[in-house]
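Please read the structure below before turning to the comments.
The values are calculated or read from the model by the stated rules, or taken from the named source; none is laboratory data. Predicted, not measured: the structure shown is a model, and the values here were computed from it. When we count neighbours, we look across all protein chains shown, and the Cβ atoms used for this are built from the backbone with ideal geometry, even at glycine.
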Ligand SMILES: Cc1cc2nc3c(=O)[nH]c(=O)nc-3n(C[C@H](O)[C@H](O)[C@H](O)COP(=O)(O)OP(=O)(O)OC[C@H]3O[C@@H](n4cnc5c(N)ncnc54)[C@H](O)[C@@H]3O)c2cc1C
């Protein structure tokens with residue numbers, strides 16, 4: 001079978017397309033296999049952190065994303081009694097070209113990346129095409145593709161498994177994916193109700209600590225997304241009924257009791273990391289490699305950081321003599337950061353909002369008041385600290 005002189009990417013989510021865009025930018029031909037018939041339009045992640053915007057800027061995608069999104073220069077922690085502390089990303093303007101978050105649905109990014117890629121030589125995408133099997137030898141990776149009930153075998157030089165949480169690439173190679181699933185499910189309610197008119201001093205990104213019902217409020221253009229944890233005692237039918245959603249929103253702000261519900265997403269949340277991110281010519285990135293709760297918005301952002309780290313190395317290997325050590329550095333850096341930082345921090349963020357740490361509010365106020373601690377804290381929550389640590393590994 002002929003070997004295509006291309007890198008294969010499984011999955012056209014934000015991670016797969018960021019990987020494709022960076023490879024094509026570096027002169028590496030790419031074929032993306034996407035199981036869906038079109039790009040996903042699901043409402044999922046909606047936060048882009050400063051260093052992610054710096055990376056997307058290098059791909060020409062930050063400006064259009066900002067044009068379709070909302071710029072959030074500040075975020076805050078609140079309790080039922082009001083603001084605990086507000087943090088301003090301008091404090092770390094020396095460390096990033098984008099000292100703010102952009103709030104925008106992830107499907108806007110995939111659309112932007114895909115449309116720009118269609119104008120580039122070297123990019124191919126095949127929709128309705130599921131990667132169902134993977135084998136490899138010293139010189140190539142062989143994928144089994146399923147399309148309209150028929151199968152086909154194709155060979156390329158490398159494979160990036162960016163095929164999401166249920167990754168078939170991960171399964172095909174038997175990567176262990178250990179961790180745990182939270183007992184509660186998370187409900188994301190989107191509404192055009194403007195919480196700014198109902199909660200004093202609210203900013204676009206707000207986390208509300210509460211021992212009974214913590215939640216967060218995120219503004220995106222035209223909507224607020226409010227996320228609550230739900231216990232197992234609430235059935236899926238009840239959880240996804242508009243009246244239940246309105247009752248929850250009324251707990252956050254009584255004026256929201258009869259507001260319009262634009263959409264509801266109920267999902268299970270996992271904390272898992274693949275035991276390995278590389279096997280020979282195959283690499284895992286994004287949700288295929290790691291899952292975490294959405295507190296801190298690190299899942300998709302961490303996945304894009306994986307994609308850029310990996311594809312910088314693959315481009316070097318493509319254009320020069322491949323160095324095993326360089327390629328191994330991807331796993332060494334990104335896996336360790338995922339375990340040490342993304343998993344740990346997202347779990348800690350959840351515990352903080354649950355008020356398991358009784359000193360949380362006092363500690364947060366001390367951090368906000370002390371310039372050095374404030375600066376370091378912002379480097380950490382913006383994920384800049386994790387990238388610096390990864391680079392040092
Ligand atoms: C319901 C839901 C809500 C979420 N909300 C948030 C949130 O509020 N905040 C947050 O930070 N994160 C959230 N996340 C997580 C976030 O969406 C992910 O971290 C992010 O999408 C990861 O991107 P990815 O490209 O790795 O995977 P995905 O976005 O899952 O993309 C994978 C792509 O691969 C395709 N695919 C799957 N299998 C195959 C195959 N075998 N062959 C070819 N293609 C395949 C899929 O169709 C998909 O297009 C949410 C996730 C879910 C499921």
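Only a single criterion out of (1) farther than 30 Å from residue 86 by Cα; (2) away from the ligand (no atom under 16 Å from the Cβ); (3) touching a residue at least 24 places away in the same chain (Cβ under 8 Å); (4) over 27 Å from the mean Cα position of the chain (by Cα) is not satisfied by residue 180, namely (4). Scanning the range 286-298 for residues that are at pLDDT 95 or above and near the ligand (Cβ under 7 Å from one of its atoms) gives 286, 287, 288.
Is at least one residue of the range 31-44 farther than 22 Å from residue 221 by Cβ, touching a strand residue (DSSP E or B) at 6+ places or on another chain (Cβ under 6 Å) and not in a strand (DSSP E or B)? There is at least one residue in the range 31-44 that is farther than 22 Å from residue 221 by Cβ, touching a strand residue (DSSP E or B) at 6+ places or on another chain (Cβ under 6 Å) and not in a strand (DSSP E or B).
Entry remark, the range 182-235: residues being part of a helix (DSSP H, G or I) and touching a strand residue (DSSP E or B) at 6+ places or on another chain (Cβ under 6 Å) number 1 in total. Looking only at the range 144-171, how many residues end up being within 10 Å of the ligand (Cβ to nearest atom), in a loop (DSSP other than H, G, I, E, B) and on the phi < 0 side of the Ramachandran plot? Residues flagged as within 10 Å of the ligand (Cβ to nearest atom), in a loop (DSSP other than H, G, I, E, B) and on the phi < 0 side of the Ramachandran plot within the range 144-171 amount to 5. Looking across 139, 128, 174, one residue alone is farther than 25 Å from residue 43 by Cβ, under 26 Å from the mean Cα position of the chain (by Cα) and assigned to a loop (DSSP other than H, G, I, E, B). It is 174.
Applying the criterion of being within 8 Å of the ligand (Cβ to nearest atom) and either at pLDDT below 95 or surrounded by fewer than 23 Cβ atoms within 10 Å (Cβ to Cβ) (or both) to the residues of the range 1-45, the residue that is nearest to residue 306 (Cα to Cα) is 45. Highlighted here are the helices (runs of 4 or more DSSP H) found entirely within the range 261-368 that include at least 2 residues which are surrounded by fewer than 19 Cβ atoms within 10 Å (Cβ to Cβ) and touching a helix residue (DSSP H, G or I) at 6+ places or on another chain (Cβ under 8 Å): 299-319, 324-337.
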